[in-house]
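See below for the structure under consideration.
The values are calculated or read from the model by the stated rules, or taken from the named source; none is laboratory data. Model, not experiment: these values are computed from the prediction. Neighbour counts are summed over all protein chains in view; Cβ atoms, including those assigned to glycine, are modelled from backbone coordinates with ideal geometry.
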Amino acid sequence: MKATKLVVRNEKIVKAFECYKEKIKEYNKKVSGMGYYLKPVHIVTKKVGEEIRIYRYFGKYWWKIEYLGLKGNKPVIKWIYIGKNKPIESLPDPPINPLEGFSFYTLKGDKDHIYVSERTYTKFQNKIEKILLGEKICSD
């Protein structure tokens, strides 16, 4: 799949996503007593030829946290991936991820560019333009 190279520092995406990240932290505090955790970004590192690509996928990734006891005075937990759908109906609905479905990759050592598929670029063009301007993209 052909990718479009954009001049975007990763920090701009992080900044644009900050307000949503805060909402997720609050949400995870609410549901932590039920043993679940919602992760808004999934990161995968892959070697392609000589390049090391770091892929970021924005969405809803549900995890179950299993408490295994203590090791010394530190709690030991196990993370179990549940899926992309809310695991139980009694959980409150999570905040809407403004970048759900967005994905890109960066090359290790290059903090000035992101690579986005043409299809993703077309779908998220308005939000990408806001990110380039340094604007936040969260909906309230």
### Task
Would you point out the residue of the range 1-33, among those that are of a type in the set (Ser, Thr, Tyr), surrounded by 13 or more Cβ atoms within 10 Å (Cβ to Cβ) and modelled with pLDDT of 75 or more, that is farthest from residue 96 (Cα to Cα)?
27
### Message
Looking at the range 48-65, can you tell me whether even one residue there is closer than 23 Å to residue 110 by Cβ, basic (Lys, Arg) and out of contact with any strand residue (DSSP E or B) (no Cβ under 7 Å at 6 or more places or on another chain)?
### Response
no
